[in-house]
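Chemist: For reference, the structure I am asking about is given below.
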Amino acid sequence: MDFLRPASWEEALAVKAAHPTAVPIAGGTDVMVEINFDHRRPEYLLDLNRISELGEWTVGEEKVALGPSVPYTKIMENLRSELPGLALASHTVASPQIRNRGGVGGNLGCASPAGDAHPALLASGADVEVESQARGARLIAIDDFYKGVKRNALEPDELIKAVHIPRADGPQQFSKVGTRNAMVIAVCAFGLALHPRTRSVRTGIGSAAPTPVRATAAEEFLNAALEEGGFWDNGKIITPSIAKQFAQLASGACNPIDDVRGSASYRRHAVGVMARRTLMWTWESYRGGNGRGAVEGAA
Ligand SMILES: Cc1cc2nc3c(=O)[nH]c(=O)nc-3n(C[C@H](O)[C@H](O)[C@H](O)COP(=O)(O)OP(=O)(O)OC[C@H]3O[C@@H](n4cnc5c(N)ncnc54)[C@H](O)[C@@H]3O)c2cc1C
């Protein structure tokens, strides 16, 4: 196995173009496990750790440009107010050691349905910026990024350069079911983001379908119900029937399997429970003032 260590982004793209089978390694918390267990024996490892900008982020007016190698710990410490959903999800990843190494780029590179960053990225409406030497850079909407079980939209000569995530304009939540509080792969997970500026809600479901997915029917139902009832303006408590219907539709968006971590029917049920709870938490926060300022005419 050859270890390729480009010193710059341009050099990394050139190496990937010359060796499309080279496996990028950032924190290594997925790649090294696969190599140790002999699940993968790549001819080339492409080490991205000398490219410092991949570990940096920029907070813009509308979006955060997050380097793919920014470790979860730094997201938790520095981006809690800009990206609350992703910061909450980062808290639930593994242990401090893994959170100090692993980042969102690795989660996206793996595209495991159980990756904790995915529900938050789906709920906030992120774009993944990828680049190749031959064709330059392109943005992939997160909704189009996941292509199958552990498959993503990257071409063999492309690398992830950044993840562009809208800054929160309202409350966000993340919830994960596991057998304990740390070092656990999600049985299933749910992310919810309220977007008062566009009077809309977005969701993300993890570990309950072959890929991370949005609960689009649930979103559409809730968007219509909130609009119809004037909820964004009057800040009323969401009625139990609306919450129940939202939860049922979120359950319906799942297409889970039975496996050692949980049965399909448990996953469907748990996603419904998490959908209802995260809706209540975020809505209470919105009613309490966090985000309501973004709605014109909010009382
Ligand atoms: C003990 C343990 C517990 C874990 N618990 C969790 C958990 O609770 N939740 C969770 O979500 N994950 C968990 N993981 C998995 C892992 O930590 C995460 O998926 C993490 O986000 C991977 O990031 P990394 O930088 O280490 O990726 P790496 O291992 O370096 O790479 C992962 C994949 O992404 C690709 N890649 C990395 N960077 C790029 C790039 N810039 N461009 C293109 N491809 C790229 C690699 O080629 C590889 O396919 C756990 C892992 C371990 C070992």
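The values are calculated or read from the model by the stated rules, or taken from the named source; none is laboratory data. Only a predicted model underlies this, so the values are computations on that prediction, with no experimental measurement involved. Cβ: placed from backbone, ideal geometry, glycine included. Neighbour counts: every protein chain shown.
Chemist: Could you look through the stretch 73-103, keep only residues that are among the β-branched types (Val, Ile, Thr) and in a helix (DSSP H, G or I), and pick out the one that is nearest to the ligand (Cβ to nearest atom)?
Modeler: Among residues in the stretch 73-103 that are among the β-branched types (Val, Ile, Thr) and in a helix (DSSP H, G or I), the one nearest to the ligand (Cβ to nearest atom) is Ile98.
Chemist: In addition: Return a yes/no flag: does the stretch 59-72 have any residue that is part of a helix (DSSP H, G or I), of a type outside the set (Phe, Trp, Tyr) and not assigned by TED's automatic domain parsing to the domain that holds Ala215.
Modeler: No, the stretch 59-72 contains no residue that is part of a helix (DSSP H, G or I), of a type outside the set (Phe, Trp, Tyr) and not assigned by TED's automatic domain parsing to the domain that holds Ala215.
Chemist: In the stretch 35-56, which residues are acidic (Asp, Glu) and either in a loop (DSSP other than H, G, I, E, B) or under 15 Å from Gly106 (Cα atoms) (or both)?
Modeler: Answer for the stretch 35-56, where residues must be acidic (Asp, Glu) and either in a loop (DSSP other than H, G, I, E, B) or under 15 Å from Gly106 (Cα atoms) (or both): Asp38, Glu43, Asp47, Glu56.
Chemist: Going by the conditions given, is Val59 hydrophobic (A, V, I, L, M, F, W, C), over 15 Å from Val104 (Cβ atoms) and either loosely packed, with under 15 Cβ neighbours inside 10 Å or modelled with pLDDT of 95 or more (or both)?
Modeler: Judged against the criteria, Val59 is a match.
Chemist: Hey, another quick one. Quick one: what pairs do we get from the stretch 82-104, first residue on the phi < 0 side of the Ramachandran plot, second of a type in the set (Lys, Arg) and at pLDDT 95 or above, C-beta under 7 Å, 6+ apart or different chains?
Modeler: Hits for this filter: Glu82/Arg167; Ala87/Arg80; Ser90/Arg99; Thr92/Lys176; Val93/Arg99.
Chemist: On to the next question. Go through the stretch 73-94 and count every residue that is surrounded by fewer than 24 Cβ atoms within 10 Å (Cβ to Cβ) and either in the same structural domain as Gly206 (by TED's automatic domain parsing) or more than 16 Å from Met32 (Cα to Cα) (or both).
Modeler: 14
Chemist: Condition (residue is surrounded by fewer than 17 Cβ atoms within 10 Å (Cβ to Cβ), hydroxyl-bearing (Ser, Thr, Tyr) and within 28 Å of Asn255 (Cα to Cα)) applied to the stretch 160-180: is it met by at least one residue?
Modeler: Yes, the stretch 160-180 has at least one match.
Chemist: Six or more apart or on different chains, Cβ atoms under 8 Å: show the pairs whose first residue is in the stretch 13-30 and at positive phi and whose second is near the ligand (Cβ under 6 Å from one of its atoms).
Modeler: Sorted first by the residue in the stretch 13-30, then by its partner, the pairs are Gly28/Arg101.
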